[in-house]
Amino acid sequence: MLSNVVASSMDLHAQYGGVVPEIAARSHIEAIMPVIQEALDTAFPALAGKRDEQWKQIDAIAVTYGAGLGGSLLIGVLTARSLAIAYDKPLYAINHVEGHLYANFLTSTSLPGYVLPSQQPEFPVLGLIVSGGHSQLVYFRSHFDYKLLGQTNDDAIGEAFDKVAKILGLPYPGGPSVSKKALKGGPLAFQLPKAKMPGKYDFSFSGLKTAVLRLAQEQVGEDFTYPSSALPGRLSDKQKADIAASFQRVAVETVVDKTVMAYEEFKPKTVIIGGGVASSPELRRQLSERLPLPITYTDPKLCTDNGAMIATLGCFKVVNGQPAADPYTLNIAPNLSM
Ligand code: KG4
Ligand code: ZN
């Protein structure tokens with residue numbers, strides 16, 4: 001990894017308490033060319049300012065074409081297509097969700113401030129993807145040969161963290177703020193339900209989110225008609241911390257239970273996790289405690305959305321002779337699944 005430049009519109013989203021698709025797309029338009037240039041300057045500092053020389057160092061371009069928000073994907077894909085044509089580079093279309101797991105295949109960098117695993121995961125690999133848009137368990141026999149074991153039937157786990165943060169009046173993004181609040185609360189303070197799913201490896205988080213809302217209403221002595229927007233002002237700090245800790249325990253246990261079950265059934269050589277929620281210290285703690293094999297985690301900066309994970313999967317596609325995309329026709333796929 002020679003560079004990993006991330007432009008985040010998180011500050012803008014925080015003002016609205018979540019991602020507004022039009023604002024996200026507009027930020028992408030503004031950020032994309034400066035980000036690409038900064039990435040090239042970081043990777044090839046001796047060639048700073050010599051754009052054509054920098055591009056000569058590049059073998060291929062990888063771009064996310066799904067899953068994600070249409071407007072944002074479109075900016076990325078159209079930019080990558082244009083650059084691939086202008087600089088005559090092969091173009092690789094990457095599945096964002098699959099990309100999250102490839103963050104674990106990065107083992108060396110010239111960049112300061114990253115702690116990476118020393119070895120690449122050994123196949124067969126069991127992968128758990130936990131992000132704002134996805135919760136999935138995937139079994140990889142080898143690169144590009146995988147089976148989706150299960151996924152969420154409604155909300156993703158990160159989405160549940162974000163919604164619970166809103167109920168408690170904690171800032172967006174909800175994952176890190178619920179995590180922080182939970183440190184001061186009791187994980188066993190409240191009993192919250194774990195969803196029972198018909199699919200062995202499927203998840204559900206919408207019932208848990210509703211249970212948190214009911215619990216918060218009950219705690220302030222109101223019924224289910226009480227507006228959630230008024231709850232943060234009525235809940236004490238202790239109640240918020242206890243609700244955050246109890247929710248986090250159950251949400252994390254839900255994915256850890258199924259990961260342990262899948263480990264026992266498929267006996268993979270390695271278990272890896274990816275997606276924003278993979279940076280959760282509670283998830284890492286529970287997994288390390290309950291899995292009977294040593295598990296390594298990558299740097300939290302590579303768990304939330306980033307370009308390095310997409311480039312890494314692109315690299316494996318090149319090396320393994322996977323087909324390149326047509327830069328004249330590649331389209332976005334907002335609902336792409338694994
Ligand atoms: O993978 P990601 O950056 O974007 C998507 O592809 O969705 O994941 C973002 C999600 C958000 O829902 C955020 O609240 C969650 O990851 N997240 C966390 C933590 N850090 C980020 N959830 C729980 N604990 C964390 N420490
Ligand atoms: Zn993501």
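The values are calculated or read from the model by the stated rules, or taken from the named source; none is laboratory data. What you are looking at is a predicted structure, and each value in this text was computed from that prediction instead of being measured. Glycine also receives a Cβ, built like all others from the backbone with ideal geometry; neighbour counts cover every protein chain displayed. Just the protein is used for accessible areas: all its heavy atoms, side chains included, with ligands, DNA and RNA removed. Shrake-Rupley method; radii C 1.70, N 1.55, O 1.52, S 1.80 Å.
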| query | Taking the condition within 12 Å of ligand 1 (Cβ to nearest atom) and buried (at least 23 other Cβ atoms within 10 Å of the Cβ), does residue 101 pass? | reply | yes
| field | Any helices (runs of 4 or more DSSP H) falling wholly within the range 1-99 and containing at least 2 residues that are in contact with a strand residue (DSSP E or B) (Cβ under 6 Å, 6 or more places away or on another chain) and at pLDDT 95 or above | value | 70-87
| said: Residue under question is residue 293, and the condition is that it be loosely packed, with under 13 Cβ neighbours inside 10 Å and either hydrophobic (A, V, I, L, M, F, W, C) or within 16 Å of ligand 1 (Cβ to nearest atom) (or both); does it hold? | reply: yes
| request: Kindly establish whether residue 302 is open to solvent by less than 30 Å² (accessible area, probe 1.4 Å), under 16 Å from residue 102 (Cα atoms), in contact with an Asp or Glu (Cβ under 7 Å, 6 or more places away or on another chain) and within 15 Å of ligand 2 (Cβ to nearest atom). | output: no
| field | Hits in the range 123-158 (condition: open to solvent by 10 Å² or more (accessible area, probe 1.4 Å) and part of a strand (DSSP E or B)) | value | 139, 141, 142, 145, 146, 147, 148, 149, 151, 152
| query | In the range 138-175, how many are within 16 Å of ligand 2 (Cβ to nearest atom) and in contact with a Lys or Arg (Cβ under 9 Å, 6 or more places away or on another chain)? | reply | 6
| Quick one: which helices (runs of 4 or more DSSP H) sit completely within the range 220-338 and have at least 2 residues that are more than 24 Å from residue 161 (Cα to Cα) and acidic (Asp, Glu)? | 237-266
| remark: If we keep only residues of the range 22-48 that are in contact with a helix residue (DSSP H, G or I) (Cβ under 8 Å, 6 or more places away or on another chain) and exposed (fewer than 13 other Cβ atoms within 10 Å of the Cβ), then the residue farthest from residue 314 (Cα to Cα) is 22
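Being touching a helix residue (DSSP H, G or I) at 6+ places or on another chain (Cβ under 9 Å), more than 16 Å from ligand 1 (Cβ to nearest atom) and open to solvent by less than 40 Å² (accessible area, probe 1.4 Å): is that true of residue 246 here?
no
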| query | Are any residues in the range 159-174 in a helix (DSSP H, G or I), open to solvent by 20 Å² or more (accessible area, probe 1.4 Å) and touching a helix residue (DSSP H, G or I) at 6+ places or on another chain (Cβ under 6 Å), and if so, which ones? | reply | 162, 163
| query | Which one of 72, 82, 108 is among the polar types (S, T, N, Q) and surrounded by 20 or more Cβ atoms within 10 Å (Cβ to Cβ)? | reply | 72
| query | Within the range 82-103, how many residues are touching a Leu at 6+ places or on another chain (Cβ under 6 Å) and over 26 Å from residue 274 (Cα atoms)? | reply | 1
| note | residue 179 fails exactly one of (1) surrounded by 19 or more Cβ atoms within 10 Å (Cβ to Cβ); (2) in a loop (DSSP other than H, G, I, E, B); (3) of a type in the set (Ser, Thr, Tyr), namely (2)
| message | Here are the criteria: (1) within 16 Å of ligand 1 (Cβ to nearest atom); (2) in contact with an Asp or Glu (Cβ under 8 Å, 6 or more places away or on another chain). Tell me which single one residue 89 does not satisfy. | response | (1)
